[in-house]
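Chemist: Pasting a structure here, questions to come.
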Amino acid sequence: MSESSEGRESVDDSAQNSPQYSPYYFSHHSDQSYEQPQYGWKFSKTEKTDRISALPDPLILQILSSLRMKEVVRTGVLSKRWRLLWTSAHNLIFRCSGQSNHAVSEFITSVDDTLLLSKPSKLNKFSVEFHYNQRFVKYVNKWMIFVKNKSVEELDFYLSTRGSDEFYSLPQIMYSNACLRELSLCNCNLVPKEGINWPALKVLVIRYAKLNRDIVGMICSGCPTLESLKFSMCCGVNYFVINSKSVNKLVISGYWQQEHEDSDDDDGNDDDTQLIIYARNVTSLEIRGCFHKKILALQNVQALVHAKLDFYRKTDDYENDFKTDENMLKDLLESLEGVEKLSIGSWCLQVLTMLETKNSSCPRMRCKYLTLNTPFNQSELPGLAVLLQSCPQVEILNISKDSPFEEYNFGWPSNEFNGENYWISRPCWVMHLKTLRIDGTWIYESPYFKHIFPFLQAVLKNGIVLEKIILASFDDRTWISPGHHRRLTETLLSFPRSSRDAVILFSG
């Protein structure tokens with residue numbers, strides 16, 4: 001249902017609707033050589049074939065495979081020998097950003113014409129992105145037949161729609177396919193009548209779809225070699241049972257909350273129910289995005305090695321939901337107590353701040369690699385302290401400002417920090433720390449360094465086995481003056497260190 005593609009390049013509307021370029025050719029007379037004859041001076045032109053035209057066909061096709069079809073077709077003007085070479089391309093990539101009926105109709109016509117001229121009996125990739133409505137279902141169904149007949153290995157189908165009523169239903173011909181290795185669907189519903197049979201599928205991404213427990217079960221049973229599974233902004237199911245023996249990476253990216261949503265897992269009251277994730281054999285789990293009023297819970301995740309929690313709940317009354325958020329996060333962390341690598345986002349740290357203000361504790365964690373996506377905001381520091389106290393075995397700590405969520409004002413009183421003294425009173429978490437890495441030059445900006453520098457001072461003073469602190473180096477793009485950066489650097493280098501081996505590195 002998204003009107004823009006996530007993580008995709010935008011398409012220039014002017015280029016999309018512009019007329020075809022006139023043919024042009026590289027000059028074969030661009031190089032000149034001069035001769036000095038026996039009598040007098042004279043120069044002549046020496047013709048040379050341009051290097052592009054001399055490239056072998058397989059190399060040209062490899063270059064074309066990374067381009068969208070609009071650009072691929074246009075390459076025919078570069079050389080006479082290339083004019084139909086694009087019809088042998090093994091990757092077909094189509095993008096249309098126009099939303100008008102005229103623009104979409106022209107796009108569909110161009111796709112149909114291209115498919116008619118496609119020569120290979122087997123294609124590596126088929127990718128389509130455009131604004132879809134049900135009027136185009138017969139054309140899209142025809143493309144699916146093409147995908148099946150051409151034994152496409154990677155199918156990327158990104159449709160933008162105006163609502164769930166316009167979702168495209170994958171036709172029955174597609175539920176049994178022995179060639180698919182990667183499949184990505186957006187705004188497409190799965191409605192298999194006789195199960196799913198994708199024996200070669202390795203990667204599956206489903207965005208904006210209404211699911212149910214049976215469909216999730218069919219995916220797990222019908223994809224015996226599936227390794228990576230992602231559900232992004234899906235709805236209709238409250239219990240993700242991933243009992244596949246092959247899936248080792250699972251991503252649950254947000255929950256799409258529909259008004260008056262009907263779920264097959266409850267009585268239709270989907271607002272305050274749990275969203276349970278059962279992942280028996282999964283070793284890498286990511287939970288991110290917005291889950292509205294869903295209460296997340298994990299079951300049977302003992303196989304996990306890496307876990308990432310970078311999500312948030314969106315509720316109407318934060319004051320009454322504090323306890324729910326606090327209990328939910330504590331239960332999640334308790335389920336993840338045995339993971340080796342843990343990544344925590346900004347909202348989760350803010351929820352943990354409640355534990356600090358109540359003098360409560362976080363479940364004990366055994367992770368050795370900890371990543372924090374936080375800009376060191378005041379509302380996150382108490383939660384950060386609670387988490388670090390609960391992870392005494394951490395050897396590598398990575399801190400990044402990158403987080404998809406802004407700071408939320410929960411309305412709780414924040415502890416007063418007395419700089420270094422606050423962190424020195426909690427020394428045990430650095431007892432095993434060997435490497436601290438902070439990405440980005442943002443740490444030198446005044447809103448952040450006033451919190452980060454006391455933290456770094458405590459790490460150096462208490463880190464008895466500390467080996468290195470890695471910070472971003474100053475460059476011309478940094479929004480601070482060189483003099484300010486120099487003073488901060490000198491202050492940092494002057495901090496006392498407990499470990500003789502501890503060094504501070506500045507990395508680009």
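Yes/no matrix, rows are residues, columns are (1) modelled with pLDDT under 95; (2) over 28 Å from Arg162 (Cβ atoms); (3) open to solvent by less than 50 Å² (accessible area, probe 1.4 Å):
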{"position": "Val205", "(1), (2), (3)": "no, no, yes"}
{"position": "Cys220", "(1), (2), (3)": "no, yes, yes"}
{"position": "Lys230", "(1), (2), (3)": "no, no, yes"}
{"position": "Asn238", "(1), (2), (3)": "yes, no, yes"}
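A quick yes/no check of all residues on (1) at pLDDT 90 or above; (2) open to solvent by less than 60 Å² (accessible area, probe 1.4 Å); (3) of a type in the set (Val, Ile, Thr):
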{"residue": "Gly483", "(1), (2), (3)": "no, yes, no"}
{"residue": "Arg487", "(1), (2), (3)": "no, no, no"}
{"residue": "Phe495", "(1), (2), (3)": "yes, yes, no"}
{"residue": "Arg500", "(1), (2), (3)": "yes, no, no"}
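Chemist: So in the range 266-287, with the set limited to residues that are at pLDDT below 95 and charged (D, E, K, R), which one is least open to solvent (accessible area, probe 1.4 Å)?
Modeler: Among those residues, the one meeting the criterion is Asp270.
Chemist: Does any residue in the range 93-120 that is within 16 Å of Asn133 (Cα to Cα) and aliphatic (A, V, I, L, M) come within less than 8 Å, Cβ to Cβ, of a residue that is at pLDDT below 90 and surrounded by fewer than 18 Cβ atoms within 10 Å (Cβ to Cβ) six or more places away or on a different chain, and which pairs are these?
Modeler: Partner pairs satisfying both residue conditions: Ala103/Gln16; Ala103/Asn17; Val104/Gly98.
Chemist: Might you check whether a residue that is out of contact with any helix residue (DSSP H, G or I) (no Cβ under 7 Å at 6 or more places or on another chain), surrounded by fewer than 17 Cβ atoms within 10 Å (Cβ to Cβ), among the polar types (S, T, N, Q) and farther than 24 Å from Cys220 by Cα occurs anywhere in the range 167-188?
Modeler: No, the range 167-188 has no match at all.
Chemist: Taking the condition of being part of a helix (DSSP H, G or I) and either crowded, with 18+ Cβ neighbours inside 10 Å or touching a Lys or Arg at 6+ places or on another chain (Cβ under 9 Å) (or both), how many residues in the range 437-452 meet it?
Modeler: The total comes to 8.
Chemist: Could I ask something else about it? In the range 103-117, how many residues are crowded, with 18+ Cβ neighbours inside 10 Å and among the hydroxyl-bearing types (Ser, Thr, Tyr)?
Modeler: Adding up the residues that qualify gives 1.
Chemist: Moving on to the next point. Can we say Leu123 is aliphatic (A, V, I, L, M) and over 27 Å from the mean Cα position of the chain (by Cα)?
Modeler: Details: aliphatic (A, V, I, L, M): yes; over 27 Å from the mean Cα position of the chain (by Cα): no.
No, not satisfied.
The values are calculated or read from the model by the stated rules, or taken from the named source; none is laboratory data. Being a predicted model, the structure only gives us computed values, none of them experimental. Please note: Cβ atoms are built from the backbone with ideal geometry, for glycine as well, and neighbour counts cover all protein chains shown. Note: areas computed on protein heavy atoms with side chains; ligands, DNA, RNA excluded. Shrake-Rupley method; radii C 1.70, N 1.55, O 1.52, S 1.80 Å.
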